[in-house]
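What follows is a set of notes on a single structure, which appears directly below.
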Amino acid sequence: MSTRIIVIGSGIAALSLAAHASDDCEIIILTKTTTDDSNSMLAQGGIATSYLPDDSIEQHLHDTLEAGAGHNDQVASEAIIREGKAIVLELLKRGCPFDKTPSMQPRLGKEGAHSQNRIFHAGGDQTGRILVQYLLKQLPKNVQLIQSAQVLELVKSADNKRCIGAIYKQSDGQLITLKADAVVLSTGGCGQLYPVTTNNKTLTGDGLMMAYRAGAALVDLEFTQFHPTLLINQQHVFGLVSEAVRGQGATLEDEHGRAVMAGIHPMADLAPRDVVARVLQREAQSGHQIYLNIRPVQHFRDHFPTISKLCDTAQIDLDTGKIPVSPGMHFLMGGIKVDENSQSSLPGLYAIGEVACTGLHGANRLASNSLLEGLVTGKRVAMALSHAQITQMPSVQSSPSLTIEVPTLSLPTLQNWLNEALAIERSSEGLTALRDKLAHVDCQITHYRNACSKQIEIANAWALAKLITQSALLRDESRGSHYRKDSPKRCDSKWQGKQIVHQLGRVSIIENPRIINSCTTSNFAHC
Ligand code: SIN
């Protein structure tokens with residue numbers, strides 16, 4: 001009998017799993033809407049891996065740890081960077097259409113906090129879409145793709161000890177229960193918890209909350225990354241302006257042409273993302289409009305076709321050499337706690353890509369490490385499950401609750417609340433007020449059959465917002481992307497190596513011995 005694997009989500013990590021699974025596995029990919037809706041499809045920045053003679057895995061690891069603010073799992077980070085390089089080289093060998101120089105060498109870009117040019121791109125700023133389409137074209141025959149399948153809950157064995165399937169809603173409203181030897185969450189992060197985000201509209205934290213309700217541990221939720229440069233014109237968000245633009249020489253300046261990153265960090269405009277986002281936030285608070293000065297970038301339209309199109313839509317004239325930018329929510333560093341095989345704390349349940357927390361990103365992800373992580377974690381699960389002796393799947397299942405608490409709250413209201421208190425700058429006062437507001441929202445217990453897709457999404461978003469708020473309140477220090485105005489220093493004596501874990505309705509602080517601080521620079525003074 002073949003091993004059946006359910007994969008929930010259809011981004012790079014899911015497709016990497018599908019590409020590497022042995023052909024005697026039966027793979028069923030369930031995706032909420034269509035394969036066009038994922039963060040991978042929107043990824044402009046590429047895949048980071050060392051390639052040039054002067055670069056190395058060690059140097060890439062060093063940059064990852066520096067950006068991560070002393071919170072990375074060093075063993076996990078080294079392994080992912082090493083395995084990722086092998087996968088990228090394999091893709092290159094097989095003809096994956098990465099951008100090339102005239103001498104047919106990979107054309108390698110630079111992004112924030114990278115000490116070397118090591119970013120592989122495809123189609124300039126269309127890397128994610130091109131990679132997704134490349135992998136979709138090669139989907140093996142043993143993979144079945146079911147679109148418009150909104151997964152609601154995970155199914156567990158009668159003794160509650162193992163995940164043995166998932167329940168999803170079809171577009172006709174029918175609820176379907178699917179059993180499997182393993183369930184893999186590849187559902188991405190939660191950008192839609194914020195009003196300004198680079199994320200696809202489907203990213204409401206569903207996978208995180210399904211895993212949590214099933215009993216899996218979530219970790220590091222307070223670390224939410226804000227990308228410094230979203231194209232925003234007249235308060236409308238048009239999308240991301242990749243860091244690769246700064247990698248090619250663009251600089252951040254205010255309406256008078258003042259270079260706002262000068263003298264702030266040794267890497268100036270290419271400082272780690274958390275540093276740049278905070279500077280831009282403060283500039284905006286002081287009434288300044290920030291622009292990317294793109295005059296130093298040669299052949300802008302050729303290298304950045306997606307961004308050029310966004311500018312056209314936003315009626316930004318590229319000939320002025322200036323693009324108005326502002327920060328927005330981009331990536332969740334935390335997620336479902338997984339081991340080196342991407343196995344969560346609930347047997348039978350795996351997590352890959354952004355929804356997982358492998359320890360690679362620490363408190364602030366290094367640019368272009370996420371597609372790399374997706375490729376690696378997808379392949380790892382494929383390998384682990386292809387070679388595992390799957391124990392006979394328990395046939396008797398527990399009866400999952402088919403009801404959900406739907407808040408009487410609109411998504412825009414929730415987004416505005418989080419934007420006020422849980423965004424780039426946080427404080428105990430703001431977070432306490434947010435916690436109380438979130439706790440006092442009325443809700444209605446609704447059967448999944450009667451809940452529409454948007455109600456299920458706001459239910460998950462609201463529940464996740466409460467967990468993130470709790471984590472952000474507990475971590476009374478500033479580290480990486482988590483900045484507390486009331487505790488603006490990094491407090492190693494209290495927090496070094498500590499992680500905040502949510503599981504089965506409880507929150508705890510654990511010490512993780514694999515988080516070693518070898519960070520030589522700090523984005524914050526120490527306490
Ligand atoms: C970007 O292109 O700036 C985003 C890349 C990333 O988030 O890794």
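General observations
- Residue check for Thr202: part of a strand (DSSP E or B), closer than 30 Å to Pro400 by Cα, away from the ligand (no atom under 16 Å from the Cβ) and at pLDDT 95 or above: no
- Matching residues, segment 284-329, being away from the ligand (no atom under 16 Å from the Cβ), touching a Ser or Thr at 6+ places or on another chain (Cβ under 8 Å) and assigned to a helix (DSSP H, G or I): Ala284, Arg301, Leu318
Yes/no per residue for (1) farther than 30 Å from Ser50 by Cα; (2) under 15 Å from the mean Cα position of the chain (by Cα):
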residue	(1), (2)
Lys337	no, yes
Asn341	no, no
Gly348	yes, no
Ala356	no, yes
Ala363	no, yes
Ser370	no, yes
Glu373	no, yes
Leu402	yes, no
Thr413	yes, no
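- Segment 137-173, residues that are closer than 25 Å to Asn200 by Cα and loosely packed, with under 15 Cβ neighbours inside 10 Å: Lys137, Gln138, Gln144, Gln170, Ser171, Asp172, Gly173
- Against the list (1) within 16 Å of the ligand (Cβ to nearest atom); (2) among the aliphatic types (A, V, I, L, M); (3) surrounded by 24 or more Cβ atoms within 10 Å (Cβ to Cβ), the condition Leu218 fails is (1).
- Count of segment 1-52 residues which are within 20 Å of Glu90 (Cα to Cα) and of a type in the set (S, T, N, Q): 5
- The criterion of at least 3 residues that are within 16 Å of the ligand (Cβ to nearest atom) is met, among helices (runs of 4 or more DSSP H) falling completely within segment 1-85, by 39-42, 57-67.
- Members of segment 330-374 found to be within 13 Å of the ligand (Cβ to nearest atom) and over 19 Å from Pro272 (Cβ atoms), listed by number: Gly353, Gly374
- Unmet criterion (only one of (1) assigned to a loop (DSSP other than H, G, I, E, B); (2) among the polar types (S, T, N, Q); (3) touching a residue at least 60 places away in the same chain (Cβ under 8 Å)) for Gln281: (1)
- Filtering segment 253-267 to residues that are within 15 Å of Leu292 (Cβ to Cβ) and within 16 Å of the ligand (Cβ to nearest atom) leaves only Met261.
The values are calculated or read from the model by the stated rules, or taken from the named source; none is laboratory data. All figures in this text were calculated on a predicted structure; none of them were measured in a lab. In this analysis, Cβ positions are derived from the backbone assuming ideal geometry, glycine residues included, and neighbour counts consider all displayed protein chains.
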